[in-house]
Structure formats: structure tokens, C-alpha cells
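Below: the structure, in C-alpha cells.
The values are calculated or read from the model by the stated rules, or taken from the named source; none is laboratory data. Since this is a predicted model, take the numbers as computed values, not measurements. No Cβ is skipped: glycine too gets one built from the backbone with ideal geometry, and neighbour counts run over all protein chains shown.
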Amino acid sequence: MFSGILAGAQNYFSVGNILISILGVVLGIIVGAIPGLGPSMAVAVLVPITYAMSPATGMLLLMGVFCGAVYGGSITAILLNVPGTPANVATTWDGNTLAKKGYPKKALSTAIIASFFGGILSALALLFASEPIAKLSLKFGPAEMAAMAIWGLSIICSLESKSLLKGLLAAAVGCWIATIGISPEQGTPRYVFGVINLYSGINYVSAMIGIFCFPEIVAMIKAVSGKLVQFSEKDDSIFLSSKELRHIAPTSLLEGFIGTVIGAIPGAGGTIASFISYNNAKSRSKHPEEFGTGTLRGIAAPESSNNGASASSLIPLLTLGIPGSATAAVFLGALTIHGLQPGPLLFSKNPDVVYCLLIGTLVIQVIMVIIGLAGATKISIVSKTPVGILAPLILVFSVIGSYATNNNFFEIGVMLVFGLIGCIMVKLNFSRAAFILGIILGPLVEKNVTRALMISDGEIGFLFSGPICIVLYSITLIMLLWPIIKNIISKRKKN
Amino acid sequence: MENKQNCYASVFFIVASTVGILYTRTMSRSAAKYPLFLLWLILGFSIVLLLKSVIVLKKEKKSINTDNTSNSEKKLFTLKEFGVILIAIVYVVLLKLFGFVPASAVAFAGLAVYMGYRKWVPLVIITTVSILVIYFIFFKYLNLSYIRGIWF
């Protein structure tokens, strides 16, 4: 392994490869910032460009784009309350709040530093711990995946402490909307009403764009003096103080680790990881009430987690040949085009290419943090842009992003309908996050519960058997009950 | 105000989920299991929300003197917000009729003016440059698909 790492490092550290990595990161950040385009689209679009490159250089470009796109989504999440990808939804809660308070640069730099921590952990896992993590990911069967999706859904209880009932209602409606389409068990159409485009269900990316972008555009009509936020540049800085760094470092490291493990599980991904990590950070915090008010940990947790999940999502692909996410599937295509066969023999047959990619992933995190910090000063100017320019731009990019999901005009209609639903939800104080969580995680629950029951011939106990299920359900239960237990303990202390 | 809105919302969900349950029962049993479970959940949550809101409203009625909320707060959307929604709907219709570039140019300029941006020369320049940059970077260079219209 160490000779492979040396060969990889020798292969990587050339001017061409470093420049390609920088280009990849910049392109990725730009594309990732646009709602709906996302990492998988960004990587897919650039695969043809890698034809003319050597395998190692081509893979480095795609990896740079992938990591950049995952971070890029946090920029619009923080500045405009519009998540670039579903994995950045949790970042909006504290990121946009902090930006509106007059600290957009601090919010952006927290996101990039936390992403750096998560990305480094993920890259190190890819480099040194691929095999054990891949073995662990194989132990996740349908029952375990259902348990993980239920864990993800349970965070609604922690997020919606003020109106838990409305949060649960929104999540249930989201889960129900996700049943539109073909049933996983028998392939029977549900709620399609003869509309052909509904047979494939509601695309959650188009729904997410509508739910989050549209209400922001509508809300901009009320912007005072035609700008999103007025802030004093004297107070805001891209540089975090040592106290602030010490404040976010433990959270970033722990949630980055959690994201790395979750990302390696096929089918899990950065979205679940970011929600779970946000909830985890909030539960562990001494001041959970600060989450949602612009706390730095509220930004660090989901960002380090979703970036941690990015590189580690390639672990099952590189070690076992199993693409665990849409982006990994695109990488599989790219590797095949370059004559590389992912799987157990990849590391022994092509060590120079593979280790070059893995070393490059580490360096890409450093490149990303430098570009992110340098760009934060310029990017934060978005908050000063007149809403008359910002609103139409967001609307146009929403159309581009939703159309790009399926190359189908129907998706723009979906975006518009969910946009109207989002506006109504904002007015009636229903949680959009819980709703989107339901749309994303609901199908995971149904699909995996159905599979688990098929495997066990209908025995429900199978869903709760196995050490991983027991651990996940225990964590879910603890997280659900912890606020109540904490309340009882604090009341007893007062008495 | 919020409790009244909660009442309306919960009545809507009660009616919708009841209709949904009746419709879902016509599906095959295996396909209907999970959606039925969710619809019953929605019905249950809505009934609890309705009861909770009604109880709180009754308590509030005793302590509220006069309702001083302005007319704009009572409506779901203000006229201005409705205008933005209308512009977005018109944009989508124009997309279907004329394609991305012309429709986006018109919608961009129209929404900017509606949002209060009145600097005409910068508006024309920004609209033209933005649409052209988007067109060349995303559709020509990156080969993303877009809705084609009469000209391009």
C-alpha cells in the first residue's frame, strides 16, 4: 500500500494535475451553487471532456468537480436560503440566519472550514480504510437501511420542537407525495391519474427547488431598500477567531466522521448524513436552543457531514465495484471509459492511477478551502445585489436546474406547483424541511421495509433483528426521548 | 391568527386525507398498504391539530379585545406577492411557447421591473449579458439540455 501511495503521490504532483484539480474545484463550486444541478449532474456533464485526458488526470478533474459541487451548494444555502443540493437543506437553518444577521462571510468560511474537515476525513478513509469500511457497508441490508431512514425521519422531532405536530404532519404529507408513481412491491401505478410523467414519481430535486427557491423569490418583494440584507463590513470577516475554530472543530471532526461512514453505505448519501449530523450536533450541544438562530455549529455539522459523505461514497465503487450513489454510478462510467475496472483488483492492477486519485482527493480539500476562503469575500457580495436582479436570476436558474433533472418540461411544472406549495407552507408556518425529508426518506423506508418483509416472508421481527438495526433504533429512541429526559432532569435540579 | 390558519389547514388535510383514503382503497392491497398508513397518519395528525387549535382559539377569544391586524396580514398572499407568482406562471407558459432564451429574457426584465429595479440601461445590459452567458456556458459549452423555441 505504501509503495502505491508513493507512486500515486509521484504521479499526482505535477503542474498539470494540480491545475486540473483547481479547475475541477472551481467548476464544481459554480455548478453546485445552482439549485438542481448538483454533483452528479456536474460530473456527468464533464465526463466527455475527460476523454482526451489520461485516466488519472480525467479522474482528478471529476473528483475536483464532485467535491467542489458538494461545497458549492452551501453558498446559495447560506446567502439566499436556497439549498444548492438536498444535502445543503440543513445548512440553510443556521447559515442563512447568520448571513441575515450580517455575517455572510463568517457563515461561508465556517461552511468551507467544516467541509475541509469532513473532506479530509473522507479522503483519509478512502486512502487507508477503504476495505474495512466497504465490508461494513455490505452489512447494511434492507432492514438496516430502513432503520437508517427512520433515524433520519426522527430528526423532525428534534427540529420541530415548537410545533412538533405540524412538523410530523408535513413529513407525513411528504412521505405520501413520494408514493406517487409505481409501487415498489408489485409495480402497480399509484395516484398517476393517467398522466404518463407521473409514472416515474415526483422528482425530489424539482420539488426541492420549488419548495425552497420559489418562496424566497416571492419573499424578496418585501426586501427593504431593494437589498437582501444590510450589514456592516467592519464586523464580518472570513477569518474565524481561534475561539470560534475551537468551537467548531470537535463538531466538524465528529460529524465529518459520521458523514464518512454514512456516505460509504450504498444508497445513503450526503442528504441523510447532513440531517443526521445536524440533529446529532444539536442533541449533544449544551445549548440546543441556539440551533436555528445562526450558531456556527449548526453550519459546521451538516457541511462537514455532507462533504465527509462525498469521497467516502466512492469506497464501495472502488473496492467492490458497487456504485452506491448517482455520482458514483457516473464515476463507474468514467472509470470504464478510461479502461479501469472498479473492484477488488483495481488497487493491484492500477495502483498509480488509483493512488493518484486518492492523494489528489486529499489535496483537493486543501485547494477547496483556499478557493472557498478567497472567494467568500467576493461571493458574499451577492447579499448586496439588488433583489430586482437576484430574484430573476434565481428564477431562471431554478428553471434550468429543474429541467436538467429529466430533460422534461414536466419537471418545470413540478417545480412551479411545489413552489406554490412552499409559499403556502411558509405562510402557514409548516416546516418545508420536514416535508422534503418525507419526500426523500419516505421511499427509502417503504422500499427497504418491503424488501425486508419479502426476505423474511412477512416476519416483522426481521426489521428489528441484527446488531446494526438494534444500534440504529436505540439511537433513534434515545434522540426522541432525550429532550424529554433532559427536561425532567433540569426540572429536578431546579426543585 | 396562526391558530385560525391551523384550523383551516387541518380541515383541508382532514378532507383531503379522507378522499385519499377512499380512493386508495380502490387500489390493490399491496400497493395501497403504505399510502393508506400515511393517509391515516395525516388524518390523525390533522384531527389533533384541529382540536388543539380550536381549544387555543377559544381561550384566545376571552383575552382578545379587538383584532387590529391589517388587511394585508389576514390574506395569505399580498397583491404584490401574487404578482410575483403570476409572473412565474407567465414565464413557464412563455417557455413552452417560445423556448428558454426569449422567455427568460422577457421574464428576467419583467420581474426585475416588478421588483422595483428601474435603471433601464443597466437592466437591458444585465438581462442580455446574463442570458447570453447562461446560454453559452451551460447549453453550448457544458451541453446541458434546454427548452428550444422558435429561433434557438
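A few notes on this one:
- Filtering the stretch B:98-112 to residues that are over 21 Å from the mean Cα position of the chain (by Cα) and facing chain A (nearest Cβ under 10 Å) leaves B:Phe100, B:Ala105, B:Ala109.
- A:Thr76 vs. criteria modelled with pLDDT of 80 or more, part of a helix (DSSP H, G or I), of a type in the set (Val, Ile, Thr) and within 20 Å of the chain's Cα centre (by Cα): yes
- Looking at B:Leu144, B:Leu95, just one residue is facing chain A (nearest Cβ under 8 Å), crowded, with 19+ Cβ neighbours inside 10 Å and touching a residue at least 40 places away in the same chain (Cβ under 8 Å), and that residue is B:Leu95.
- For the stretch A:200-211, the count of residues that are away from chain B (no Cβ under 14 Å), surrounded by fewer than 22 Cβ atoms within 10 Å (Cβ to Cβ) and at pLDDT below 85 is zero.
- Filter result for B:Ile42 (at pLDDT 90 or above, surrounded by 14 or more Cβ atoms within 10 Å (Cβ to Cβ) and within 11 Å of chain A (Cβ to nearest Cβ)): yes
- As a summary of the residue check, A:Gly360 satisfies the conditions (1) within 14 Å of chain B (Cβ to nearest Cβ); (2) touching a helix residue (DSSP H, G or I) at 6+ places or on another chain (Cβ under 9 Å) except for the one numbered (1).
- The residues in the stretch A:175-199 that are within 17 Å of B:Leu22 (Cα to Cα) and not hydrophobic (A, V, I, L, M, F, W, C) can be counted, and the count is 4.
- Of the residues in the stretch A:53-66, none is over 20 Å from A:Ser122 (Cβ atoms), aromatic (Phe, Trp, Tyr) and in a helix (DSSP H, G or I).
- Any hit, the stretch A:161-173, residues being assigned to a helix (DSSP H, G or I), in contact with a Lys or Arg (Cβ under 9 Å, 6 or more places away or on another chain) and under 28 Å from A:Glu459 (Cβ atoms): no
- Sole residue being touching a helix residue (DSSP H, G or I) at 6+ places or on another chain (Cβ under 9 Å), over 23 Å from A:Leu441 (Cα atoms) and either aliphatic (A, V, I, L, M) or modelled with pLDDT of 90 or more (or both), chosen from A:Val89, A:Val47, A:Val82: A:Val47
- Filter result (more than 13 Å from B:Leu144 (Cβ to Cβ), surrounded by fewer than 18 Cβ atoms within 10 Å (Cβ to Cβ) and within 9 Å of chain B (Cβ to nearest Cβ)) within the stretch A:377-418: A:Phe409, A:Gly413
- Filter result for A:Ser161 (of a type in the set (S, T, N, Q), out of contact with any Ser or Thr (no Cβ under 8 Å at 6 or more places or on another chain) and modelled with pLDDT under 85): yes
Residues checked against (1) touching a residue at least 40 places away in the same chain (Cβ under 8 Å); (2) within 12 Å of chain B (Cβ to nearest Cβ); (3) touching a helix residue (DSSP H, G or I) at 6+ places or on another chain (Cβ under 8 Å):
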| residue | (1), (2), (3) |
| --- | --- |
| A:Ala433 | yes, no, yes |
| A:Val449 | yes, yes, yes |
| A:Asp457 | no, no, no |
| A:Ile468 | yes, no, yes |
| A:Ser474 | no, no, no |
| A:Arg492 | no, no, no |
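- If the condition is being polar (S, T, N, Q) and over 9 Å from A:Asp352 (Cα atoms), then the stretch A:1-24 contributes A:Ser3, A:Ser14, A:Asn17, A:Ser21.
- The number of residues in the stretch B:77-87 that are touching a residue at least 12 places away in the same chain (Cβ under 8 Å) and at the interface with chain A (Cβ under 8 Å from one of its Cβ atoms) comes to 2.
- When A:Leu168 is tested against (1) within 14 Å of chain B (Cβ to nearest Cβ); (2) over 30 Å from A:Val399 (Cβ atoms); (3) surrounded by fewer than 23 Cβ atoms within 10 Å (Cβ to Cβ), just one condition goes unmet, and that condition is (3).
- Against the numbered list (1) surrounded by fewer than 24 Cβ atoms within 10 Å (Cβ to Cβ); (2) touching a residue at least 24 places away in the same chain (Cβ under 8 Å); (3) closer than 30 Å to A:Thr76 by Cβ; (4) of a type outside the set (D, E, K, R), A:Ile370 comes up short only at (2).
- A:Pro184 being within 14 Å of chain B (Cβ to nearest Cβ) and either surrounded by fewer than 24 Cβ atoms within 10 Å (Cβ to Cβ) or in contact with a Lys or Arg (Cβ under 6 Å, 6 or more places away or on another chain) (or both): yes
- When we screen A:Ser305, A:Ser274, A:Ser252, A:Ser242 for residues that are under 30 Å from A:Lys384 (Cα atoms), free of Cβ contacts under 8 Å to residues at least 40 places away in the same chain and among the polar types (S, T, N, Q), the only hit is A:Ser242.
- Of the listed requirements (1) modelled with pLDDT under 85; (2) over 16 Å from A:Gly141 (Cα atoms); (3) hydroxyl-bearing (Ser, Thr, Tyr), A:Ser465 misses just one: (2).
- Scanning the stretch B:9-22 for residues being free of Cβ contacts under 8 Å to residues at least 24 places away in the same chain and within 8 Å of chain A (Cβ to nearest Cβ) gives a total of 1.
- Any hit, the stretch A:63-72, residues being away from every other protein chain (no Cβ under 14 Å), closer than 18 Å to A:Tyr278 by Cα and buried (at least 24 other Cβ atoms within 10 Å of the Cβ): yes
- Exclusive hit being buried (at least 23 other Cβ atoms within 10 Å of the Cβ), part of a loop (DSSP other than H, G, I, E, B) and either hydrophobic (A, V, I, L, M, F, W, C) or at pLDDT below 85 (or both), set A:Gly324, A:Gly267: A:Gly324
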